[in-house]
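Asks: Mind looking over this structure? Questions follow.
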Amino acid sequence: MTDTDETPAGVRADDTRGDGLDARLVVDRGSFRLDVALTAAPGDVVALLGPNGAGKTTALRALAGLVPLTGGRLRLDGTPLERTPPEARPVGVVFQDYLLFPHLSALDNVAFGPRCQGAGKAEARARAAAWLDRMGLADHADAKPRRLSGGQAQRVALARALATRPRLLLLDEPLAALDARTRLEVRAQLRRHLAEFEAVAVLVTHDPLDAMVLADRLVVVEHGRVVQEGAPSDIARHPRTDYIAQLVGLNLYRGRAEGHTVRLESGPAVATTEDLSGPAFVAFPPGAVTLHRDRPTGSSARNLWRCEVAGLETHGDQIRADLTGELALAADLTTVAAAELGLHPGVEVWAAVKAAQTHAYPA
């Protein structure tokens, strides 16, 4: 089998026995210090999530060799890469704005990487044509980037990165430049291509849906440190910081559990169905909150707090109320319900949550 007739899969069949990624990325930049450990096996897709300034992009650039490490280690398939220049690393990168060469056709953009690796022109173009066909872009091989849609440009950039047969694929906000409709389609396509990729992929995103759909494992970074990592479903169900709770749409509190009650560090107690003892988190979705203008009587809800509306905003097809008072929380309700309650900033309400709709877990 030759390089030109093999099925593109990101790597050669005889290169798939690697150990994957083993890194501790330490980067000091002025007063900011990044110290993030990352491990992944071949075939894994890891998403780095975090607020702006958390260090996600710095970590990605350190993996690519564009930012030097000031400490730690970086090994790929057992090979140290700390001193390896970017162009010599078996790493493919898809940047947020794709960075396609405007004067080259889609075919020559994809062929650029193999050419830099020493492939002849015919071989590089054949490999590029195979990748464009795999991406459903065979009919656009001669098109310059300005003639491509956002989704097409994203696929060309991905094909260009994969055509070098990387052992590590880095994607920096790969869907951020797309409109909502295109994003949905391209996300599904990207998921399929990542599922077929036989080496390690690391994705940086601020969009929780992108991370949940595309990644096998999430690593959440805040202030240059990993604050939580695990499967998307585990992180969505057990957030451990306010940022993660907001990301997955939960009200989150920390306190001390005593049986079926979690006494919050600052605020009232919350009744739960879980029986715990010791430091604990308790969470519930905004949709679990019901609001009343008067204190409800005969309600089965074991959690009831007097609050004040601090703000209202449209949230999808609902209204999200930001509440302060005995307990600061977010509540979701329909537009009709908000109108019937006469909600506006400054209005006092009672917020009720059933114990069965809360979720408590050890801190």
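The values are calculated or read from the model by the stated rules, or taken from the named source; none is laboratory data. This is a predicted model, so every value here is computed, not measured. Here Cβ is always computed from backbone atoms with ideal geometry, including for glycine, and neighbour counts include all displayed protein chains.
Asks: Can you name every one of the strands (runs of 3 or more DSSP E) wholly within segment 257-363 that holds 2 or more residues which are out of contact with any Gly (no Cβ under 8 Å at 6 or more places or on another chain), closer than 20 Å to Pro239 by Cα and among the hydroxyl-bearing types (Ser, Thr, Tyr)?
Replies: Filter on segment 257-363 gives 269-284.
Asks: In segment 166-179, how many residues are more than 13 Å from Asp210 (Cα to Cα) and modelled with pLDDT of 90 or more?
Replies: 5
Asks: State which residue is farthest from Val200 (Cα to Cα) when the search covers only segment 36-61 and only residues that are under 13 Å from the mean Cα position of the chain (by Cα) and assigned to a strand (DSSP E or B).
Replies: Result: Leu49.
Asks: Please give the number of the condition Val11 fails out of (1) surrounded by 15 or more Cβ atoms within 10 Å (Cβ to Cβ); (2) within 30 Å of Val110 (Cβ to Cβ); (3) at pLDDT 95 or above.
Replies: Result: Val11 passes all but (3).
Asks: For segment 190-210, give me each residue that is closer than 28 Å to Ala163 by Cβ and touching a helix residue (DSSP H, G or I) at 6+ places or on another chain (Cβ under 7 Å).
Replies: Within segment 190-210, Leu190, Arg191, His193, Leu194, Ala201, Val202, Leu203, Val204, Thr205, Asp210 meet the criteria.
Asks: Residues that are assigned to a strand (DSSP E or B) and crowded, with 17+ Cβ neighbours inside 10 Å: does segment 95-109 have at least one?
Replies: no
Asks: Answer with yes or no whether Ala122 is in a helix (DSSP H, G or I) and assigned by TED's automatic domain parsing to the domain that holds Val156.
Replies: Judged against the criteria, Ala122 is a match.
Asks: For segment 128-151, state whether one or more residues are among the basic types (Lys, Arg), out of contact with any Lys or Arg (no Cβ under 7 Å at 6 or more places or on another chain), outside any helix (DSSP H, G or I) and without any contact (Cβ under 8 Å) to a residue 60 or more places away in the chain. Please lay out each step first, then the result.
Replies: Of the residues in segment 128-151, the ones among the basic types (Lys, Arg) are 134, 144, 146-147.
So of that shortlist, the ones also out of contact with any Lys or Arg (no Cβ under 7 Å at 6 or more places or on another chain) come out as 134, 144, 146-147.
When the remaining residues are screened for being outside any helix (DSSP H, G or I), the result is 144.
Add one more test, that the residue is without any contact (Cβ under 8 Å) to a residue 60 or more places away in the chain, and what stays is 144.
Yes; the residues of segment 128-151 include at least one that is among the basic types (Lys, Arg), out of contact with any Lys or Arg (no Cβ under 7 Å at 6 or more places or on another chain), outside any helix (DSSP H, G or I) and without any contact (Cβ under 8 Å) to a residue 60 or more places away in the chain.
Asks: Only residues that are out of contact with any Ser or Thr (no Cβ under 8 Å at 6 or more places or on another chain) and either closer than 28 Å to Leu49 by Cβ or not charged (D, E, K, R) (or both): list them for segment 253-273, please.
Replies: Across segment 253-273, the qualifying residues are Tyr253, Arg254, Gly255, Leu264, Glu265, Ser266, Gly267, Pro268.
Asks: Now a separate question. Could you tell me whether Arg217 is in the same structural domain as Leu21 (by TED's automatic domain parsing), at pLDDT 90 or above, out of contact with any Phe, Trp or Tyr (no Cβ under 6 Å at 6 or more places or on another chain) and under 21 Å from Ala88 (Cα atoms)?
Replies: Taking the combined requirement at face value, the residue does not satisfy it.
Residue-by-condition table, conditions (1) touching a helix residue (DSSP H, G or I) at 6+ places or on another chain (Cβ under 8 Å); (2) surrounded by fewer than 17 Cβ atoms within 10 Å (Cβ to Cβ):
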site	(1), (2)
Leu252	yes, no
Ala257	no, no
Ser266	no, yes
Thr273	yes, yes
Gly278	no, yes
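Asks: On the given criteria, is Thr324 crowded, with 19+ Cβ neighbours inside 10 Å and either within 31 Å of the chain's Cα centre (by Cα) or under 26 Å from His344 (Cβ atoms) (or both)?
Replies: No, not satisfied.
For (1) touching an Asp or Glu at 6+ places or on another chain (Cβ under 7 Å); (2) more than 18 Å from Asp242 (Cβ to Cβ); (3) crowded, with 17+ Cβ neighbours inside 10 Å; (4) without any contact (Cβ under 8 Å) to a residue 60 or more places away in the chain, each residue gets a yes or a no:
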| position | (1), (2), (3), (4) |
| --- | --- |
| Val270 | no, no, yes, no |
| Ala283 | no, no, yes, no |
| His315 | yes, no, no, yes |
| Val349 | no, yes, yes, yes |
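Asks: Would you mind finding the one in Phe95, Phe101 that is at pLDDT below 95, hydrophobic (A, V, I, L, M, F, W, C) and over 24 Å from the mean Cα position of the chain (by Cα)?
Replies: Numbers: Phe95 fails: over 24 Å from the mean Cα position of the chain (by Cα).
Exactly one of Phe95, Phe101 is at pLDDT below 95, hydrophobic (A, V, I, L, M, F, W, C) and over 24 Å from the mean Cα position of the chain (by Cα), namely Phe101.
Asks: Against the definition (within 19 Å of Ala40 (Cβ to Cβ) and without any contact (Cβ under 8 Å) to a residue 24 or more places away in the chain), how does Arg191 come out, yes or no?
Replies: For Arg191, the condition - within 19 Å of Ala40 (Cβ to Cβ) and without any contact (Cβ under 8 Å) to a residue 24 or more places away in the chain - is met.
Asks: Something else: Is it the case that segment 157-174 has a residue that's more than 21 Å from Asp44 (Cα to Cα) and either basic (Lys, Arg) or buried (at least 16 other Cβ atoms within 10 Å of the Cβ) (or both)?
Replies: no
Asks: Filter segment 159-178 down to residues that are hydrophobic (A, V, I, L, M, F, W, C) and in a loop (DSSP other than H, G, I, E, B), then give me how many there are.
Replies: 5
Asks: Turning to a different aspect of this structure: Using the structure shown, decide if Glu229 is acidic (Asp, Glu), over 18 Å from Pro286 (Cβ atoms) and buried (at least 16 other Cβ atoms within 10 Å of the Cβ).
Replies: When the stated conditions are applied, Glu229 passes them.
Asks: Please determine, by comparing only the residues of segment 59-88 that are in contact with an Asp or Glu (Cβ under 7 Å, 6 or more places away or on another chain) and without any contact (Cβ under 8 Å) to a residue 60 or more places away in the chain, which one is surrounded by the most Cβ atoms within 10 Å (Cβ to Cβ).
Replies: Leu74
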